[in-house]
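Step one of this worksheet: look at the structure below.
The values are calculated or read from the model by the stated rules, or taken from the named source; none is laboratory data. Treat the numbers as computed from the prediction; the structure is a model and nothing was measured. In this analysis, Cβ positions are derived from the backbone assuming ideal geometry, glycine residues included, and neighbour counts consider all displayed protein chains. Surface accessibility is based on the protein's heavy atoms, side chains included, excluding ligands, DNA and RNA. Shrake-Rupley method; radii C 1.70, N 1.55, O 1.52, S 1.80 Å.
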Amino acid sequence: MEHHADKAPAGDDDIARAAARAWQGLNTLLLERYQLRKAVSEALGMSFSRVRALRRLAPGPISLRELAERMGSDPPYTTVIVDDLVRRGLAERITNPTDRRSKLVHLTDDGQAKADLAISILTTPPDDLLALPREDIEALDRIVAKLLD
(Lines give C-alpha, C1' and ligand atoms only; values in the text may rest on other atoms or scores of the structure.)
Protein backbone atom coordinates (compact mmCIF):
# COMPACT_ATOMS: atom_id res chain seq x y z
CA MET A 1 0.00 0.00 0.00
CA GLU A 2 1.43 3.34 -1.01
CA HIS A 3 1.64 6.25 1.40
CA HIS A 4 0.08 9.46 0.03
CA ALA A 5 -0.14 11.80 3.04
CA ASP A 6 1.68 14.52 1.08
CA LYS A 7 -0.85 14.40 -1.79
CA ALA A 8 -3.71 16.30 -0.10
CA PRO A 9 -4.40 19.62 -1.84
CA ALA A 10 -3.42 22.76 0.10
CA GLY A 11 -6.28 23.92 2.32
CA ASP A 12 -7.61 20.42 2.86
CA ASP A 13 -6.00 20.02 6.29
CA ASP A 14 -9.33 19.12 7.92
CA ILE A 15 -9.98 16.39 5.36
CA ALA A 16 -6.41 15.09 5.71
CA ARG A 17 -6.79 14.99 9.51
CA ALA A 18 -10.16 13.22 9.24
CA ALA A 19 -8.68 10.68 6.80
CA ALA A 20 -5.74 10.09 9.15
CA ARG A 21 -8.14 9.59 12.11
CA ALA A 22 -10.26 7.16 10.08
CA TRP A 23 -7.20 5.21 8.93
CA GLN A 24 -5.79 5.04 12.46
CA GLY A 25 -9.19 3.95 13.73
CA LEU A 26 -9.36 1.13 11.18
CA ASN A 27 -5.88 0.01 12.18
CA THR A 28 -6.82 0.08 15.87
CA LEU A 29 -10.03 -1.87 15.24
CA LEU A 30 -8.45 -4.55 13.08
CA LEU A 31 -5.05 -4.96 14.72
CA GLU A 32 -5.71 -4.19 18.37
CA ARG A 33 -9.31 -4.28 19.50
CA TYR A 34 -10.45 -7.48 17.84
CA GLN A 35 -7.04 -9.19 17.69
CA LEU A 36 -8.18 -11.50 14.92
CA ARG A 37 -4.65 -12.69 14.19
CA LYS A 38 -4.30 -13.88 17.77
CA ALA A 39 -7.79 -15.41 17.82
CA VAL A 40 -7.31 -17.37 14.60
CA SER A 41 -3.79 -18.48 15.59
CA GLU A 42 -5.06 -19.77 18.92
CA ALA A 43 -8.08 -21.49 17.34
CA LEU A 44 -5.89 -23.32 14.82
CA GLY A 45 -2.91 -23.86 17.13
CA MET A 46 -0.35 -22.32 14.77
CA SER A 47 1.35 -19.07 13.90
CA PHE A 48 -0.44 -16.53 11.75
CA SER A 49 2.05 -17.12 8.90
CA ARG A 50 0.86 -20.74 8.72
CA VAL A 51 -2.76 -19.56 8.80
CA ARG A 52 -1.99 -17.17 5.91
CA ALA A 53 -0.49 -20.03 3.93
CA LEU A 54 -3.57 -22.20 4.51
CA ARG A 55 -5.81 -19.37 3.33
CA ARG A 56 -3.72 -18.85 0.17
CA LEU A 57 -3.81 -22.59 -0.57
CA ALA A 58 -7.57 -22.97 0.05
CA PRO A 59 -8.65 -22.20 -3.55
CA GLY A 60 -6.50 -25.04 -4.93
CA PRO A 61 -2.97 -26.36 -5.50
CA ILE A 62 -0.26 -23.84 -6.42
CA SER A 63 3.50 -23.89 -6.76
CA LEU A 64 5.73 -22.98 -3.87
CA ARG A 65 6.92 -19.94 -5.82
CA GLU A 66 3.35 -18.74 -6.36
CA LEU A 67 2.54 -19.31 -2.69
CA ALA A 68 5.58 -17.23 -1.73
CA GLU A 69 4.41 -14.44 -4.04
CA ARG A 70 0.86 -14.52 -2.66
CA MET A 71 2.21 -14.39 0.89
CA GLY A 72 4.77 -11.70 0.13
CA SER A 73 7.57 -13.85 1.53
CA ASP A 74 10.71 -15.39 0.10
CA PRO A 75 10.73 -19.00 -1.17
CA PRO A 76 13.07 -20.37 1.56
CA TYR A 77 10.78 -19.07 4.34
CA THR A 78 7.73 -20.34 2.45
CA THR A 79 9.40 -23.77 2.25
CA VAL A 80 9.77 -23.80 6.05
CA ILE A 81 6.05 -23.00 6.40
CA VAL A 82 5.00 -25.65 3.87
CA ASP A 83 7.28 -28.26 5.50
CA ASP A 84 5.53 -27.55 8.81
CA LEU A 85 2.07 -27.81 7.22
CA VAL A 86 3.09 -31.13 5.66
CA ARG A 87 4.37 -32.41 9.04
CA ARG A 88 1.03 -31.45 10.58
CA GLY A 89 -0.84 -33.39 7.88
CA LEU A 90 -2.47 -30.22 6.54
CA ALA A 91 -0.73 -30.02 3.16
CA GLU A 92 1.07 -32.25 0.71
CA ARG A 93 3.31 -31.79 -2.28
CA ILE A 94 1.84 -33.27 -5.44
CA THR A 95 3.21 -33.62 -8.96
CA ASN A 96 2.24 -30.75 -11.23
CA PRO A 97 0.05 -32.32 -13.96
CA THR A 98 1.30 -29.78 -16.54
CA ASP A 99 5.00 -30.14 -15.64
CA ARG A 100 5.90 -33.45 -14.04
CA ARG A 101 9.30 -32.06 -12.95
CA SER A 102 7.67 -29.59 -10.56
CA LYS A 103 5.51 -29.93 -7.47
CA LEU A 104 2.39 -28.16 -6.32
CA VAL A 105 1.33 -27.59 -2.72
CA HIS A 106 -2.14 -28.96 -2.01
CA LEU A 107 -4.23 -28.93 1.16
CA THR A 108 -5.34 -32.23 2.65
CA ASP A 109 -8.93 -32.55 3.85
CA ASP A 110 -7.77 -31.57 7.36
CA GLY A 111 -5.89 -28.59 5.90
CA GLN A 112 -8.95 -27.47 3.97
CA ALA A 113 -11.07 -27.74 7.12
CA LYS A 114 -8.57 -25.58 9.04
CA ALA A 115 -8.42 -23.07 6.16
CA ASP A 116 -12.23 -22.89 6.15
CA LEU A 117 -12.25 -22.31 9.92
CA ALA A 118 -9.62 -19.55 9.57
CA ILE A 119 -11.61 -17.87 6.80
CA SER A 120 -14.76 -18.05 8.93
CA ILE A 121 -13.03 -16.49 11.95
CA LEU A 122 -11.41 -13.74 9.89
CA THR A 123 -14.52 -12.83 7.89
CA THR A 124 -17.18 -12.90 10.61
CA PRO A 125 -18.04 -9.30 11.49
CA PRO A 126 -17.89 -8.38 15.17
CA ASP A 127 -21.15 -7.74 17.03
CA ASP A 128 -20.31 -4.01 17.29
CA LEU A 129 -20.33 -3.74 13.50
CA LEU A 130 -23.54 -5.73 13.15
CA ALA A 131 -25.17 -3.44 15.73
CA LEU A 132 -24.64 -0.34 13.56
CA PRO A 133 -27.61 1.09 11.66
CA ARG A 134 -28.13 -0.45 8.23
CA GLU A 135 -27.20 2.79 6.41
CA ASP A 136 -23.87 2.97 8.28
CA ILE A 137 -23.02 -0.63 7.36
CA GLU A 138 -23.94 0.05 3.71
CA ALA A 139 -21.85 3.26 3.70
CA LEU A 140 -18.88 1.45 5.21
CA ASP A 141 -19.25 -1.33 2.64
CA ARG A 142 -19.23 1.22 -0.22
CA ILE A 143 -16.21 3.04 1.21
CA VAL A 144 -14.17 -0.12 1.75
CA ALA A 145 -15.04 -1.33 -1.75
CA LYS A 146 -13.75 1.95 -3.19
CA LEU A 147 -10.52 1.68 -1.21
CA LEU A 148 -10.01 -1.88 -2.47
CA ASP A 149 -10.48 -0.90 -6.13
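Roughly how far apart, in whole Å, are the Cα centres of region 7-86 and region 100-135?
Using only Cα atoms, the two centres lie 13 Å from each other.
Using the 2.2 N^0.38 Å rule of thumb for compact globular proteins, work out how region 93-149 stacks up: its C-alpha Rg over that value, please.
Details: Rg = 19.1 Å, N = 57, 2.2 N^0.38 = 10.2 Å.
Compared with the compact-globule rule of thumb, region 93-149 sits at 1.87.
Between helix 134-148 and the chain, what is the angle of the helix's C-alpha long axis to the longest principal axis, kept within 0 to 90° and rounded to the nearest 10?
Orientation of helix 134-148: about 60 degrees from the principal axis.
Which of L107, L132, L29 moves most in a GNM of the chain, Cα contacts under 10 Å?
L132
Who wins for biggest fluctuation among R55, R100, R17 in a Gaussian network model of the chain, springs between alpha carbons below 10 Å?
For the chain, modelled as a Gaussian network with Cα springs under 10 Å, the answer is R17.
Might you report the magnitude of the Cβ-based charge dipole of the chain about its Cα centre, with Lys and Arg at +1 and Asp and Glu at -1, to the nearest 20 debye? Display every interim value, and only then the final one.
Numbers: 22 positive and 24 negative charges, 156 e Å.
Computed charge dipole of the chain: roughly 760 debye.
Determine the gain in length on full extension of the stretch D12-T95; use 0.36 nm per residue of separation and subtract their C-alpha separation, reporting nm with one decimal. Could the numbers behind the result be given before it?
On the way: separation 83, 0.36 × 83 = 29.88 nm, distance 5.64 nm.
That pair, D12 and T95, stretches by 24.2 nm at full extension.
Can you show me the helix-derived [θ] at 222 nm for the chain, built from DSSP H runs with n ≥ 4 at -39,500 (n - 2.57) apiece and divided by the number of residues, rounded to the nearest 500. Each step should come with its number before you reach the end.
On the way: 8 runs with 89 residues, N = 149.
Dividing the helical sum by the residues of the chain leaves -18000 deg cm²/dmol.
What is the angle, in °, between the Cα long axis of helix 75-87 and the longest principal axis of the Cα atoms in the chain? Nearest 10 is fine, range 0 to 90.
60
For the chain, which whole percent of the accessible surface, found with a 1.4 angstrom probe, sits on carbon and sulfur atoms? Mind dumping the intermediate values first?
Details: 5750 of 10550 Å².
Ligands and nucleic acids excluded, carbon and sulfur give 54 percent.
Can you give the accessible area per residue of region 61-122, in Å², using a 1.4 Å probe?
Computed with neighbouring chains in place, this is 59 Å² per residue.
Using a 10 angstrom cutoff on alpha carbons, build the Gaussian network for the chain and name the most mobile of L30, L130, L122.
Looking only at L30, L130, L122, the biggest GNM fluctuation is shown by L130.
If you take the charge dipole of the chain about its Cα centre, with +1 on Lys and Arg Cβ and -1 on Asp and Glu Cβ, which of L64, I119, A18 is farthest toward its positive end?
Result: L64.
Relative to the longest principal Cα axis of the chain, at what angle does helix 13-27 sit, 0 to 90 degrees, rounded to 10?
The two axes meet at around 40 degrees.
Rank L132, N27, T108 by how far each Cα sits towards the positive end of the charge dipole of the chain (+1 on Lys, Arg Cβ; -1 on Asp, Glu Cβ) and give me just the farthest.
Value computed over the given set: T108.
Taking 0.36 nm per residue of sequence separation and subtracting the Cα-Cα distance, how much length would be gained by fully extending the chain between T108 and D136, in nm to one decimal? Mind showing how you got there, number by number?
Values: separation 28, 0.36 × 28 = 10.08 nm, distance 4.02 nm.
Extra length from T108 to D136 when fully extended: 6.1 nm.
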